[in-house]
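Let me begin by presenting the structure, written as structure tokens, before commenting on it.
Only the coordinates and a few stated rules stand behind these numbers; no lab work does. Every value quoted in this text rests on a predicted model; they were computed, and no experiment measured them. FYI the Cβ positions are ideal-geometry reconstructions off the backbone, even for glycines, and counts take in every protein chain you see.
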Amino acid sequence: MPSVLSTLPKEYGYVIATGTISYFMLQYMVLKVVMARKKYKIKYPIMYSEDQPVFNCVQRVHANTLESYPSFLFFLLTSGLRYPRAATGCGMLWILSRFLYSIGYSTGNPEKRHYGAFGFFPFAGLVGMTIKMTGGHLGWWSCC
């Protein structure tokens, strides 16, 4: 009987690596929040400061990323079953966009968060590949 891993495409390892890299991206953002807490003397459990807008921007980077992270992982891992290289490419571009979003927004100027706005496109690619794969698997269309 074959193992689950033997049924995955060989290139699925790239998808797993992308998911792993995304974990380190989140840890980077956690570290930035911890450092900002120390710098601006924001004690736990306070989530946002009324007088430290830069801290709020750093905190918001992490929170905003967490809001989309479960969906990102779902679409990355499922689309990667059928399209591992394309899913990896989209996943890595999304991670890059989140880093650029973080760098821009963490300046304290919320307008600079748009540096990472292109992340919408690779995310949409992951969603599209998942929908295409799902429809093909269920026999809704024969293209996949």
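Couple of notes before you dig in:
- By the rule of a C-alpha distance below 29 Å, with chain neighbours fewer than 8 residues away ignored, the lysines paired with Lys32 are Lys41, Lys43, Lys112.
- Based on C-alpha pairs under 8 angstrom that are at least 6 apart in sequence, the range 35-102 has a relative contact order of 23 percent.
- Taking 0.36 nm per residue of separation and subtracting the Cα-Cα distance, full extension of the segment from Leu8 to Ile46 would add 9.3 nm.
- Total formal charge among the other residues, if their Cβ is under 15 angstrom from that of Pro84, Lys/Arg +1 and Asp/Glu -1: +3
- Selected from Phe123, Leu5, Tyr44, residue furthest toward positive end of dipole (the chain; charges at beta carbon): Tyr44
- At R0 = 22 Å, FRET efficiency that the Cβ-Cβ distance of Ile16 and Ile103 yields, to 0.05: 0.25
- Computed about its Cα centre, the charge dipole of the range 9-137 is approximately 260 debye, with only Lys, Arg, Asp and Glu carrying charge at their Cβ.
- Which of Trp94, Thr20, Phe55, positive extreme of dipole for the chain (C-beta unit charges): Phe55
- Cα centroid separation - the range 121-140 against the range 57-86, whole Å: 15
- Simple spin-label estimate for Arg85 and Leu26 in nanometres, 7 Å along Cα-Cβ: 2.9
- Listed candidates (i) 33; (ii) 50; (iii) 46 - label of the one calculated as percent of Cα pairs over 27 Å apart: (i)
- Summary value for the chain: 25 percent relative contact order, contacts being C-alpha pairs under 8 angstrom separated by 6+ residues.
- Over the range 67-144, relative contact order from alpha-carbon pairs under 8 Å, at least 6 apart, %: 30
- The fewest-to-most ranking of Glu11, Glu50 by surrounding Cβ atoms within 10 Å reads Glu50, Glu11.
- Counted charge near Ile46, where neighbours are those whose Cβ lies closer than 15 Å (Asp, Glu -1; Lys, Arg +1): +4
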